[in-house]
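The values are calculated or read from the model by the stated rules, or taken from the named source; none is laboratory data. Since we're looking at a predicted model, the values are computed, not measured. Because the Cβ atoms are built from the backbone with ideal geometry, glycine has one as well, and the counts that use them run over all protein chains shown. Surface areas here come from the heavy atoms of the whole protein model, side chains and all, with no ligands, DNA or RNA. Shrake-Rupley method; radii C 1.70, N 1.55, O 1.52, S 1.80 Å.
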Amino acid sequence: MTSQTIITADRVIAGTYKRFPIVLTKGSGCVVWDETGKSYIDFVAGIAVCNLGHCHPGVVKALIEQAGTLFHVSNLYYTQPQTELAQLLTDHSFADRVFFCNSGAEANEAAIKLARKYFKDRNEPDRYEILSMNQSFHGRTMATLSATGQEKIRIGFDPILPGFDFVPFDDIDALTRKMTPKICAVMLEPIQGEGGIRQPSPEYLKQVRQLCDQHGALLIFDEIQTGLGRTGKLFAHEHFDVEPDIMTLAKALANGLPMGAMLSRESVAASFTPGAHASTFGGTPLAAATSLAVLKLLIHDGIVAQSQKAGDYFKSRLLWLKNRHDVIVDVRGMGLMLGMALKTDGTGIVAACMEKGFLINCVQGNVLRFVPPLIVTIQEIDALIECLDGLFGGTAGFNQE
């Protein structure tokens, strides 16, 4: 019998999502429950959002305390949680300044605007073009979908905004050929998430940094999915010993509350003068206090190091599966941002896992993506591996023998 919630939702909510037929009602740690009481081990984490798991007591405490103190006053005034959060972010990154907003798309919008204004302020008005990567994903607003290198995201919204072009990911020669005096910035994810968990070669990001320096262009890292401990470092670019001029964050920043941030160096941030950009809800006391608790837990409780250890184990177990099943083409990723490419469509495996009490998802049609909370246990990983081993053995129609 179809849930009344699903019937009502399908009638009154815009049909922009193809939802799974379950109604989730409760979560704790790495487990969520639906309205029938069935439990699921969550390897999606709200799409790499709930890095500390569901209803983490430290996050809940910070949210409740701030909710009883001050929700929102706008950015016409200073507030303590926002200031403390900005200080903590700059103390633990390359950046000097932070702009707060509500989402990853808004953070990337801010980055695009800042890059363009930076060169306008330098009296280079024709320098406004941004290069991003094929298979990238930067958001669904008009500017960020224009910067997204996936045709399926842009279908139906032409004409896209001018000033964006694309090159293959992890191809420094292709990028070099596209660098012209009109390029103001190169924008990329250190590891592509929606693009299929695609990781660059070890020297690529350094080469991009050098190329941007050579041409006087800015380097923007979209760390919306990769950031905040997801890859085993606080920020993914730390694995590659390179720093951007601008970085965007969202997703895990408030562990589920809408929150985004754009970080930048002082010399670049100076172009955001009063009135140049704004966000009514950006960095509200409620969201900022929650984010502050999240960031402190990530930095001081050893959770980032724990995610690296769990990720190494998880990847080794996925490679074990690859050696057992020919349907698996590749295992890739870092930390707890892992992907497993299949020879065939992965949606059947996703559905079968859900039936057996595991939430995973599929990107690019054939890449199973695993982005669990960073607090996932070895036992929870092993349970999923056992499930996948059985499914690849034939119970979901994937028998390769």
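Give the ranking of Arg127, Arg324 by solvent-accessible surface, highest area first, calculated with a 1.4 Å probe. All intermediate terms of the calculation are to be shown ahead of the outcome.
On the way: Arg127 25, Arg324 125 Å².
So, going from the largest accessible area down, we get Arg324, Arg127.
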If you roll a 1.4 Å probe over the chain with all protein chains in place, what percent of the accessible area is carbon or sulfur?
53 percent
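If you place +1 on the Cβ of every Lys and Arg and -1 on the Cβ of every Asp and Glu, how big does the dipole about the Cα centre of the chain come out, in debye to the nearest 20?
400 debye
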Glu35 to Ala278: extension gain in nm, 0.36 nm per residue of separation minus the Cα-Cα distance?
83.5 nm
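Want the number for Thr83 to Glu266: 0.36 nm per residue separation, take away the alpha-carbon distance, what's left?
My answer for the length gained is 64.2 nm.
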Tell me, what is the per residue accessible area of the chain in Å², probe radius 1.4 Å?
44 Å²
Report relative contact order for the chain in percent, whole number only (criteria: Cα-Cα under 8 Å, sequence separation at least 6).
21 percent
Mind scanning Lys152/Lys182; Lys61/Lys296; Lys117/Lys206 and naming the pairs with a C-alpha gap bigger than 20 Å?
Lys152/Lys182; Lys117/Lys206
With unit charges on the beta carbon (Lys/Arg positive, Asp/Glu negative), name the residue among His277, Cys212, Ile299 whose Cα is farthest towards the positive pole of the charge dipole of the chain.
His277
Candidates Ile375, Ile303, Ile13, ranked by Gaussian network fluctuation over the chain, Cα under 10 Å, top entry
Ile13
If R0 is 30 Å, what FRET efficiency do you get for Val329 and Lys309 from their C-beta distance, rounded to 0.05?
0.70
Ranked highest first by average number of other Cβ atoms within 10 Å, how do 196-204, 217-225 line up?
217-225, 196-204
Could you order Trp320, Trp33 by accessible surface area, starting with the largest, using a probe radius of 1.4 Å?
Trp320, Trp33
Whole angstrom only: what separates the Cα centroid of the stretch 342-393 from the Cα centroid of the stretch 128-145?
29 Å
May I ask you to rank Thr284, Thr36 by accessible area, largest first, using a 1.4 Å probe over the protein chains only?
Thr36, Thr284
Could you report the accessible area of Ser74 in Å², rounded to 10, computed with a 1.4 Å probe on the protein chains as they sit in the structure?
30 Å²
Net charge of neighbours whose Cβ lies under 13 Å from the Cβ of Val167, counting Lys and Arg as +1 and Asp and Glu as -1:
-3
Within the set of other residues whose C-beta is less than 12 Å from the C-beta of Ala95, count the net charge using Lys and Arg as +1 and Asp and Glu as -1.
-4
Options Ile183, Gly195, Ile224, ranked by Cα towards positive dipole end of the stretch 181-224, top entry (Cβ charges)
Ile183
Excluding same-chain residues fewer than 8 positions from Lys356, which lysines have a Cα within less than 22 Å of its Cα?
Lys18, Lys26, Lys38, Lys315, Lys322
Keeping all protein chains in position, work out how much accessible area Asp121 exposes to a 1.4 Å probe, and write it in Å² to the nearest 10.
90 Å²
I need the calculated FRET efficiency for the pair Asp173 and Glu355, taking r as the beta carbon distance and R₀ as 41 Å, to the nearest 0.05.
0.35
Of the DSSP beta bridges with both residues in the chain, give the percent that are antiparallel, rounding to the nearest 5.
65 percent
Nitroxide proxy distance, nm - points 7 Å out along Cα→Cβ at His215 and Glu203:
2.0 nm
What whole-number distance in Å separates the alpha-carbon centres of the stretch 233-311 and the stretch 33-109?
9 Å
